[in-house]
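K.L.:
Here you go, one structure.
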Amino acid sequence: MDRNSQLYIDKAREEILNQTFELTKQYLDVHEVEIENGLPRVARIDHDFCENIVAVYFPIKGERFFLVINLTKEPNLDVDFIYTENAHRVYLTATSKTKSFQELASYLQIEPLKGWSIGERENFRGKDHDHSRIIYEPIENEAYGLDEKLELLLFDLEKDSKGIIGLSKNSYAYISVCKYQYISGNAGVGFGIEIIDRLYKLNLGIDIDIYIVGKSLKCDDSN
């Protein structure tokens, strides 16, 4: 960890531990941040959040969303605002009942790839898979916005557009979005024409699942 990042992390942790903002107190009255080595665990620090702001993301214990502390940049380092950020997964996936994992992977030049072949044992249900699946997920860290993740994924896929189109013509291929939405947030999702055009050129659809997570703030209990 570089010294510059550590300064922002220390200041953000100070707000978590001492809670000088009323909003921090309200969130932590009904949630806990994850602790690592005796300190609030940091999932991400974003130095490019905006021109004069650094954002530090703290995962919530037992939940899939983040408490974010916005800090003004040096030399006036201070807490600016506190809010929640949804967790996101965005990845390419393809399934087939006739092709193996290796056969699906053979279409692509991107990596790393995860998945399984038909007939392999499912770990959590103890049954054999009735289909093969391949997954490409360039950012596994969930502390990124949907737009950020989708942009990077499409950028990677476009570098192997021939392979992606070949995969989509020989399997059920699409982009999967899992959005873990804090209970009082805006669950809306929208895509501009540019994103739709890029998906069309890759011969890919998009599937979106939204999960509502977290506990209401006590001041919201009457709603």
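The values are calculated or read from the model by the stated rules, or taken from the named source; none is laboratory data. Because the structure is a prediction, the values reported are computed rather than measured. Cβ: placed from backbone, ideal geometry, glycine included. Neighbour counts: every protein chain shown. For the accessible areas, the whole protein counts, side chains as well, though only heavy atoms, and no ligand, DNA or RNA atoms are used. Shrake-Rupley method; radii C 1.70, N 1.55, O 1.52, S 1.80 Å.
K.L.:
Within the set of pairs 6 or more residues apart or between chains, which connect a residue that is under 17 Å from ILE9 (Cβ atoms) and of a type outside the set (Val, Ile, Thr) inside segment 20-36 to a residue that is modelled with pLDDT of 95 or more and assigned to a loop (DSSP other than H, G, I, E, B) with Cβ atoms less than 7 Å apart?
P.N.:
These pairs meet every condition: GLU34/ARG41; GLU34/LYS61.
K.L.:
Give the residue, chosen from PHE49, PHE81, PHE66, that is touching a Pro at 6+ places or on another chain (Cβ under 8 Å) and assigned to a strand (DSSP E or B).
P.N.:
Just a single option satisfies the conditions, and that option is PHE66.
K.L.:
If we keep just the residues of segment 102-124 that are under 17 Å from LYS169 (Cα atoms) and among the hydroxyl-bearing types (Ser, Thr, Tyr), which is most open to solvent (accessible area, probe 1.4 Å)? Let's see the steps before the verdict.
P.N.:
Looking only at segment 102-124, we keep the residues that are under 17 Å from LYS169 (Cα atoms), and these are 102-109.
Then keep just the ones that are among the hydroxyl-bearing types (Ser, Thr, Tyr); that gives 106-107.
On the way: SER106: 83, TYR107: 63 Å².
Filtering segment 102-124 for residues that are under 17 Å from LYS169 (Cα atoms) and among the hydroxyl-bearing types (Ser, Thr, Tyr), the one most open to solvent (accessible area, probe 1.4 Å) comes out as SER106.
K.L.:
Next question. Restricting the first residue to segment 38-53 and requiring it to be without any contact (Cβ under 8 Å) to a residue 12 or more places away in the chain, which pairs with a second residue that is assigned to a strand (DSSP E or B) and open to solvent by less than 40 Å² (accessible area, probe 1.4 Å) meet a Cβ separation below 7 Å and a spacing of at least six or different chains?
P.N.:
Hits for this filter: ASP46/VAL54; ASP46/ALA55.
K.L.:
Another question, if that's okay. Here is a list: SER161, SER216, SER132, SER168. Which entry is without any contact (Cβ under 8 Å) to a residue 40 or more places away in the chain and either open to solvent by less than 20 Å² (accessible area, probe 1.4 Å) or among the polar types (S, T, N, Q) (or both)?
P.N.:
Step by step, each of SER161, SER216, SER132, SER168 is checked, and only SER132 is without any contact (Cβ under 8 Å) to a residue 40 or more places away in the chain and either open to solvent by less than 20 Å² (accessible area, probe 1.4 Å) or among the polar types (S, T, N, Q) (or both).
K.L.:
With respect to ASN52, determine if the residue is over 30 Å from ASN170 (Cα atoms), surrounded by fewer than 13 Cβ atoms within 10 Å (Cβ to Cβ) and out of contact with any Lys or Arg (no Cβ under 9 Å at 6 or more places or on another chain).
P.N.:
The answer is no for ASN52.
K.L.:
If you go through segment 2-15, how many residues are over 14 Å from LYS73 (Cβ atoms), touching a strand residue (DSSP E or B) at 6+ places or on another chain (Cβ under 8 Å) and open to solvent by 10 Å² or more (accessible area, probe 1.4 Å)?
P.N.:
Of the residues in that region, 1 qualify.
K.L.:
Return a yes/no flag: does segment 22-37 have any residue that is of a type outside the set (Lys, Arg), assigned to a helix (DSSP H, G or I) and open to solvent by 80 Å² or more (accessible area, probe 1.4 Å).
P.N.:
Looking through segment 22-37, at least one residue is of a type outside the set (Lys, Arg), assigned to a helix (DSSP H, G or I) and open to solvent by 80 Å² or more (accessible area, probe 1.4 Å).
K.L.:
Could you identify the single residue in LYS127, LYS97 that is in contact with a strand residue (DSSP E or B) (Cβ under 9 Å, 6 or more places away or on another chain), modelled with pLDDT of 95 or more, open to solvent by 10 Å² or more (accessible area, probe 1.4 Å) and basic (Lys, Arg)? Give the steps one after another, and end with the answer.
P.N.:
On the way: LYS127 fails: modelled with pLDDT of 95 or more.
Answer to the check: LYS97.
K.L.:
Continuing with this model, one more query. Of the conditions (1) within 27 Å of TYR172 (Cβ to Cβ); (2) among the aromatic types (Phe, Trp, Tyr); (3) open to solvent by less than 20 Å² (accessible area, probe 1.4 Å), TYR144 fails just one. Which one is it?
P.N.:
Answer for TYR144: the failing condition is (3).
K.L.:
Just checking, how many residues over segment 197-213 are open to solvent by 90 Å² or more (accessible area, probe 1.4 Å) and part of a helix (DSSP H, G or I)?
P.N.:
Result for segment 197-213: 2.
K.L.:
ALA43 versus (1) touching a strand residue (DSSP E or B) at 6+ places or on another chain (Cβ under 9 Å); (2) loosely packed, with under 14 Cβ neighbours inside 10 Å: which is the lone unmet condition?
P.N.:
(2)
K.L.:
Which residue pairs have Cβ atoms under 9 Å apart, sit 6 or more places apart or on different chains, and have a first residue in segment 71-86 that is over 25 Å from TYR180 (Cβ atoms) and a second that is aromatic (Phe, Trp, Tyr) and crowded, with 16+ Cβ neighbours inside 10 Å?
P.N.:
What qualifies is LYS73/TYR8; GLU74/TYR8; LEU77/TYR8.
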